[in-house]
Amino acid sequence: MEGLEQIKARVEAAVPGANIQIVQNASPSQQYSLRIDNEHARDIAKFLRDDPVLRLDFCSNVTGVDWLDRTLKKTVKVKKVVDGEEKEVDEATEEKIPGFLEAVYHLYSMTHKHGPVIIRMQAADRAENACLPSLTPVWRSAEFQEREIFDLYGVRFDGHPDLRRILMWDEFEDHPMRKDYREPDDYEYEPTPHDDVLAKAKEHYASRPQSDGAEGIVEGLKQV
Amino acid sequence: MNEGIDEGLRSQLQQQGVWVTSMQELYNWGRKNSIWPLQFGLACCAIEMIATAASRYDIARFGGEVFRPSPRQADLMIVAGTVTKKMAPQIVRLYNQMADPKYVIAMGACAISGGPFKQGYNVLKGIDRYIPVDVFIPGCPPRPEALLHAFMELQRKIDEQKLSGANKAAHLDSEQPSEFPVPAFGKHDLEPPANPNVFRPPAIERA
């Protein structure tokens, strides 16, 4: 299979105006992906599917990713004049990256038996109506998985034929896979709580006043 | 069992081929040996339930082989598997549609408490929040022997039910409810999250 650089060049030649970035992946898998722009997403997807060399005719997996607001801290060496001398000084810079929602598509070719090629689309933000173009018209197998992302992450897919919740009920309002989701507090009883459950359990324990006679002594010590 | 007849006389008559019994004993004997379960499964526990019904374990030995696909004809609801919050209203509705007398076996860790999914957002933390459960079986999933044990335990329970008096069986007591409110789909959770008339969790004692 062609390398991502080559695919990127060919897509940009075939789809005028397409903006594609190669996203590095530092993990051991080294699986790099293509971030495609939302405006030309469907044309790019059609090209990837129909191009005789690539023929990425099978979309195996569609995933959502929730990126919270984050600050990237860097230390940069800057030349500064200190006490009349020019010195290299470490300067900490902070870059604020606003949060956004992302959809990741894993594409394979049944014809040529190659893959995966991974494409990503990035929504503008993580607001209630974060929008992405639907790729269901290109790969039918994306239909349910885009519905799942709509349900669990709250991404609206424009052009999806049947965008409804798929796992949770229609009246449900939250998006449980978002990182800031808080589940309903329905704690009742746990015989042996531990870790996160213990923290949750402690919130529900009624505070019992200390009544072993030591309070007076403690109070007395405080006054001294 | 037989309040009206002397046990010795009864035994003597039995040796002569005369069987004396009470209405209550006859009624319970008939019911406990013909329990028709409702035919539905929710997750992997249902596979064990199917195995229990098949030839190797053979629940027919206890009179429970007639799995009915309609709640109108079923006596026993085996809640076999994970009850998601989306499925819970349908389970309660099926229970309400069953005719009295009716019984419930909560089979497996999920059905009794939510099991491994207890801390999740989408799984009901035990079906006993909405309907009364007669027998709980732990296990993930419980083996067919465990389900048979639960079945025999239920038979024992039926055998001890009274037809009259203050402690008579719930289905004969017109004051006892036979239907329970179906929870509604709320914005964040089921509403209500549990039926307080059915579900009373133990009080938290730690401080």
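The values are calculated or read from the model by the stated rules, or taken from the named source; none is laboratory data. Every value quoted in this text rests on a predicted model; they were computed, and no experiment measured them. For neighbour counting, all protein chains shown are included, and Cβ atoms are generated from backbone atoms with ideal geometry for every residue, glycine included. Keep in mind that these areas ignore ligands, DNA and RNA; they rest on the heavy atoms of the full protein, side chains included. Shrake-Rupley method; radii C 1.70, N 1.55, O 1.52, S 1.80 Å.
At a glance:
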quantity: Flag for B:P201 being at pLDDT 85 or above and in a loop (DSSP other than H, G, I, E, B); calculated: no
quantity: Criterion: over 16 Å from A:R120 (Cα atoms) and among the hydrophobic types (A, V, I, L, M, F, W, C) - qualifying residue of A:L54, A:L34; calculated: A:L54
quantity: Evaluation of B:A46 against (1) open to solvent by 40 Å² or more (accessible area, probe 1.4 Å); (2) of a type outside the set (V, I, T); (3) within 30 Å of B:T84 (Cα to Cα) (one fails), failing number; calculated: (1)
quantity: Test: residue in the range A:94-106 that is farther than 19 Å from A:Q21 by Cα and either touching a helix residue (DSSP H, G or I) at 6+ places or on another chain (Cβ under 7 Å) or not charged (D, E, K, R) (or both); calculated: no
quantity: Helices (runs of 4 or more DSSP H) lying entirely in the range B:19-131 (those with 2 or more residues that are within 14 Å of chain A (Cβ to nearest Cβ) and not basic (K, R)); calculated: B:88-97, B:108-113
quantity: Given (1) part of a helix (DSSP H, G or I); (2) in contact with a Cys (Cβ under 9 Å, 6 or more places away or on another chain); (3) away from chain A (no Cβ under 14 Å); (4) exposed (fewer than 15 other Cβ atoms within 10 Å of the Cβ), index of the condition B:E145 fails; calculated: (2)
quantity: Exclusive hit being open to solvent by 30 Å² or more (accessible area, probe 1.4 Å) and more than 14 Å from every other protein chain (Cβ to nearest Cβ), set B:E191, B:E175; calculated: B:E175
quantity: Residues that are touching a residue at least 40 places away in the same chain (Cβ under 8 Å) and either away from chain B (no Cβ under 13 Å) or open to solvent by less than 80 Å² (accessible area, probe 1.4 Å) (or both), drawn from the range A:158-179; calculated: A:G159, A:R178, A:K179
quantity: Residue, most open to solvent (accessible area, probe 1.4 Å), within the range A:1-28, restricted to residues that are among the β-branched types (V, I, T) and out of contact with any helix residue (DSSP H, G or I) (no Cβ under 7 Å at 6 or more places or on another chain); calculated: A:V23
quantity: All strands (runs of 3 or more DSSP E) inside the range A:1-106 with 1 or more residues being among the acidic types (D, E); calculated: A:58-67, A:85-97
quantity: Residue match in the range A:44-64 (condition: exposed (fewer than 10 other Cβ atoms within 10 Å of the Cβ) and among the basic types (K, R)); calculated: no
quantity: Residue that is modelled with the highest pLDDT [pool: residues in the range A:112-168 that are of a type in the set (D, E) and part of a loop (DSSP other than H, G, I, E, B)]; calculated: A:D162
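Residues are listed down the side, and each one gets a yes or a no for (1) charged (D, E, K, R); (2) open to solvent by 40 Å² or more (accessible area, probe 1.4 Å):
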site	(1), (2)
B:D58	yes, yes
B:M77	no, no
B:T82	no, no
B:Y95	no, no
B:P101	no, no
B:Q119	no, yes
B:R129	yes, no
